[in-house]
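Take a look at the structure set out below.
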C-alpha cells in the first residue's frame, strides 16, 4: 500500500508540473506552498496512517 501511495504522489506531482509548464506557476506563493504541502506531505502521511492503523482498517474497509 505505501508503494501505491508513492505512485499516486509522484503522478500528482508530474501532472502539476505539466500543468504549470503549460499555464505557468500560480501568482501567489501561498497557493504554491499549499499545493506542495498537501501533495508532498499530507497525502503520504494519510496513506501511511491508513495502512498501519487498525482504526482506519476497520473504519474504511471499502478503500482496500
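Every number here is computed from the coordinates shown, using simple stated rules; none is lab data. All figures in this text were calculated on a predicted structure; none of them were measured in a lab. We place every Cβ from the backbone using ideal geometry, glycine too, and count neighbours over all the protein chains shown.
R0 = 22 Å: FRET efficiency of residue 10 with residue 42, Cβ-based, nearest 0.05? Computed FRET efficiency for residue 10 and residue 42: 0.90. Subtracting the Cα-Cα distance of residue 18 and residue 31 from 0.36 nm times their residue separation leaves 3.0 nm of extension gain.
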